[in-house]
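The values are calculated or read from the model by the stated rules, or taken from the named source; none is laboratory data. As the structure is a computational prediction, the values presented were derived from the model and not from experiment. Note that we place each Cβ from the backbone using ideal geometry, even for glycine, and neighbour counts take in every protein chain shown. When the accessible area is computed, the model is the full protein with side chains, heavy atoms only, and any ligands, DNA or RNA have been set aside. Shrake-Rupley method; radii C 1.70, N 1.55, O 1.52, S 1.80 Å.
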Amino acid sequence: CTLGEQWLGSARMEAGPFVARSPAPGRRERKKRRTHQAIADAALTLFAQRGFQATTIQHIADFADVAPRTIWAHFPTKEDLAFPDHAEVRDSLARRLAERPPGATAIEALRAWITDYLGDESTYELRLRRLKLIKSEPALRDHARVLMAEIEELLAGAVAEDLGESKDALAPRMVAAATIAALDALQPPDPADQNSHRAAIELVDSAMAFVAGGIEALRRGR
């Protein structure tokens, strides 16, 4: 699911219009976030220079000027360093799905959420750097699949609501799995192309249309 991770959470994203804004973080929280980001940036730089396997936690600690125990406090595993914002992004999607307006389907909410994510051009190159790293390392590809299973679970629950079924029913799980697979199959456009962001959104629209068509077919078959 490495390409799915590119679309669904390998970099920071802002909450969309359906998500309530949280209060501004205090000084302690801001310091914690800065440390978290500094460690993640150091890890990405060293992974690109040395390779994932050859980079040690001590290397990253020295580069980020923190103690190794500080890294473990922010990232339980070495693999988590390649996905520094997964929890934030997962929670953002959960809120978007839970707070979608009346009549809005889970797939429509997902599409709007991804569009907000892709709209942040400032992090596009960073996302591609992380994607390149993930694709190059089997351990990271395996870890991405584990993380994307959490996203799939969220989608299954939201789609179940749309279909009026249990989240453990076959149809919602098929839709969620198909959605992740469709997104995972997308190849990110070349960032050197001035229309790359528009092209990325068009790719997502194609994937969402595919999934929506499958849901509609399920409804007609009842």
Quick check on my filter: what residues within region 47-88 are aliphatic (A, V, I, L, M) and within 22 Å of the chain's Cα centre (by Cα)? 48, 71, 73, 81, 82, 87
Which of the residues spanning region 111-140 are at pLDDT 90 or above and either of a type outside the set (Asp, Glu) or in a helix (DSSP H, G or I) (or both)? 138, 139, 140
Take region 50-94 and flag every residue that is closer than 30 Å to residue 113 by Cα, in contact with a helix residue (DSSP H, G or I) (Cβ under 7 Å, 6 or more places away or on another chain), small (Gly, Ala, Ser) and open to solvent by 20 Å² or more (accessible area, probe 1.4 Å). 94
Please list, ordered by first then second residue, the pairs with beta carbon atoms under 7 Å, 6 or more apart or interchain, first in region 163-185 and without any contact (Cβ under 8 Å) to a residue 40 or more places away in the chain, second open to solvent by 20 Å² or more (accessible area, probe 1.4 Å) and among the acidic types (Asp, Glu). 172/165; 176/152; 177/152
Pick from region 167-193 the residues that are at pLDDT below 90, small (Gly, Ala, Ser) and not in a helix (DSSP H, G or I): which of them is surrounded by the most Cβ atoms within 10 Å (Cβ to Cβ)? 185
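Every residue, every condition in (1) modelled with pLDDT of 95 or more; (2) touching an Asp or Glu at 6+ places or on another chain (Cβ under 9 Å); (3) farther than 29 Å from residue 158 by Cβ; (4) assigned to a helix (DSSP H, G or I), yes or no:
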| residue | (1), (2), (3), (4) |
| --- | --- |
| 21 | no, no, no, no |
| 25 | no, no, no, no |
| 32 | no, no, yes, yes |
| 46 | yes, no, yes, yes |
| 49 | no, no, yes, yes |
| 62 | yes, no, yes, yes |
| 66 | yes, no, yes, no |
| 70 | yes, no, yes, yes |
Restrict the check to region 95-109 and report whether at least one residue is among the polar types (S, T, N, Q), in a helix (DSSP H, G or I) and either modelled with pLDDT of 90 or more or open to solvent by less than 50 Å² (accessible area, probe 1.4 Å) (or both). no
